[in-house]
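Visitor: So that we are looking at the same thing, I have put the structure below in structure tokens.
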Amino acid sequence: MDTARLVDALRDADAVRFGEFELSHGGTSDYYVDKYRFETDPEALSLIVDAFADRLDDEHLAGVALGAVPLVAATAVETETPYAIVRKAKKEYGTGNRIEGSLPTDDTETVVLEDIATTGKSALDAVEALRGAGTTVDRVLVVVDREEGATGLLADHDVRLESLLTASELLARRDEP
């Protein structure tokens, strides 16, 4: 994967913004990576899907709702791989499922796809839900690792975080037009 090309695609999609932003975990940041911008931009999404596909073997896929649904769906189509979507909480209506879609029925490992990792809590919650459903998960693939603790939290639970980009790589070119 060409890191510079992916950084350019995220910037061209206006997915990297500077200012003061509140993050989902309650902290603040002087930059924001807008997943909806890069997930709805065909060029950026295509580059991400290709990079994810290059890092997969024969694993099953799972995506964290809601942000990673476009990523896991597009990657599943590209790789012709079944996938599941992991909700933050069990539905209170309909089937009442927390995990929607396909789970492996054999010992095939599952890889969790995620958009942005900050603390790693949402990825870990998905991993624990999948493990609770009997699925083996030891890896999370993320578009951007904000380098704010996700790697350590996941490692504490025997999960390896792999990112297409780190915040350091994304911000290294901050002052360029």
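Visitor: Taking the condition of being surrounded by fewer than 22 Cβ atoms within 10 Å (Cβ to Cβ) and free of Cβ contacts under 8 Å to residues at least 60 places away in the same chain, how many residues in the range 91-121 meet it?
Guide: Final tally of qualifying residues: 19.
Visitor: Next question. Before we move on, is residue 54 surrounded by fewer than 17 Cβ atoms within 10 Å (Cβ to Cβ), among the charged types (D, E, K, R) and on the phi > 0 side of the Ramachandran plot?
Guide: Here the answer is no, as residue 54 does not meet what is asked.
Visitor: Which pairs do you get when a residue that is modelled with pLDDT of 95 or more, found in the range 141-160, comes within reach of a residue that is assigned to a loop (DSSP other than H, G, I, E, B) and charged (D, E, K, R), reach meaning Cβ atoms under 9 angstrom, with the pair 6+ apart or on two chains?
Guide: That search, which allows pairs on different chains as well, returns 141/55.
Visitor: Residues that are closer than 23 Å to residue 128 by Cβ and at pLDDT 95 or above, at least 1 per element: which strands (runs of 3 or more DSSP E) completely within the range 1-113 meet that?
Guide: Output list reads 60-64, 83-86, 99-101.
Visitor: Can you pull out every residue in the range 29-50 that is closer than 15 Å to residue 145 by Cα and either without any contact (Cβ under 8 Å) to a residue 60 or more places away in the chain or of a type in the set (Gly, Ala, Ser) (or both)?
Guide: Those that are closer than 15 Å to residue 145 by Cα and either without any contact (Cβ under 8 Å) to a residue 60 or more places away in the chain or of a type in the set (Gly, Ala, Ser) (or both): 29, 32, 34.
Visitor: Same structure, new question: Residue by residue through the range 89-112, note down the ones that are of a type in the set (Val, Ile, Thr) and out of contact with any Leu (no Cβ under 9 Å at 6 or more places or on another chain).
Guide: Applying the first criterion (of a type in the set (Val, Ile, Thr)) to the range 89-112 yields 95, 99, 105, 108, 110-112.
Passing the criteria: 95, 105, 108.
Visitor: Are there any pairs, at least 6 apart or on different chains, whose C-beta atoms fall under 8 Å, with the first in the range 67-90 and under 14 Å from residue 102 (Cα atoms) and the second among the aromatic types (Phe, Trp, Tyr) and modelled with pLDDT of 95 or more, and if so, which?
Guide: 72/83; 73/83; 76/83
The values are calculated or read from the model by the stated rules, or taken from the named source; none is laboratory data. Because the structure is a prediction, the values reported are computed rather than measured. All Cβ positions, even for glycine, are placed from backbone atoms using ideal geometry, and neighbour counts span all protein chains on display.
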